[in-house]
Amino acid sequence: MIFHMSFGVGDPQRVAHVLASLAGATAMRAPTPPFPQGAWFVVFGDAYGSMLEILPATAVLDPAAPLGVGQREATFEPVSAHVLIRSAASAEAIEVAAQREGWRTQQVETGLFKVFKLWIDGNILVEFLTAPEAARYAAVFGAEGMPSLDGKLRELEANMATALAGKLSPHLTQDEATNS
């Protein structure tokens with residue numbers, strides 16, 4: 001179970017309020033300290049205490065820093081982490097909010113579920129599942145889907161590799177065992 005994750009953005013308060021409105025959650029200012037000045041929470045209010053910690057883009061998690069949070073110059077380069085959350089809003093409402101905020105969006109049918117992608121500040125990827133797509137996701141990755149999960153993933157892998165042959169670098173479409 002994942003309880004929370006954090007990421008840094010240029011305007012944490014604004015981002016927290018937009019994400020909270022789309023997720024049916026509550027935006028709250030984080031306590032300072034221990035969080036950096038300007039940090040916000042998106043609290044889902046579920047049985048697990050799920051939340052997002054929205055930090056200033058200048059914050060960096062650093063084991064040598066006091067309270068584990070240091071400062072650096074803000075960077076807005078793409079990163080490898082992302083989060084997938086259930087939306088309380090429709091795909092249309094997500095699109096409207098993204099356009100209003102100037103965030104790039106994309107709807108993607110993965111073959112297992114359909115996801116709505118938002119790029120905050122051009123680098124932070126937050127993905128949303130609408131209610132019907134959350135049910136599809138749970139059917140694949142939830143307890144009922146676990147017995148057939150590997151087979152579904154291998155089938156998806158084969159279909160995607162064929163469909164994307166020639167468009168992606170071979171290191172993205174080949175298994176490590178076949179590369180050695």
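Read-outs throughout are calculated quantities, based only on the coordinates presented, and are distinct from any laboratory measurement. Everything numeric here is computed off the predicted structure, so don't read it as measured data. Cβ: placed from backbone, ideal geometry, glycine included. Neighbour counts: every protein chain shown.
Using Kirkwood radius over Cα pairs in Å as the read-out, say which of [x] 18.2; [y] 17.1; [z] 16.7 was calculated from these coordinates.
Working out Kirkwood radius over Cα pairs in Å from the coordinates points to [x].
In terms of Cα to Cα distance under 18 Å, which aspartates and glutamates are near enough to LYS152, apart from those fewer than 8 places away along the same chain?
Cross-link targets: GLU109, GLU133, GLU144, ASP175.
Within the stretch 71-177, what percent of beta bridges assigned by DSSP are antiparallel, to the nearest 5?
70 percent
What does the charge add up to near VAL69, with Lys and Arg as +1, Asp and Glu as -1, over the other residues with Cβ less than 13 Å from its Cβ?
Counting the neighbours of VAL69, the net charge comes to -1.
What full-extension length gain, to one decimal in nm, is calculated for THR32 and ASN123 as 0.36 nm per residue of separation minus the Cα-Cα distance?
30.2 nm
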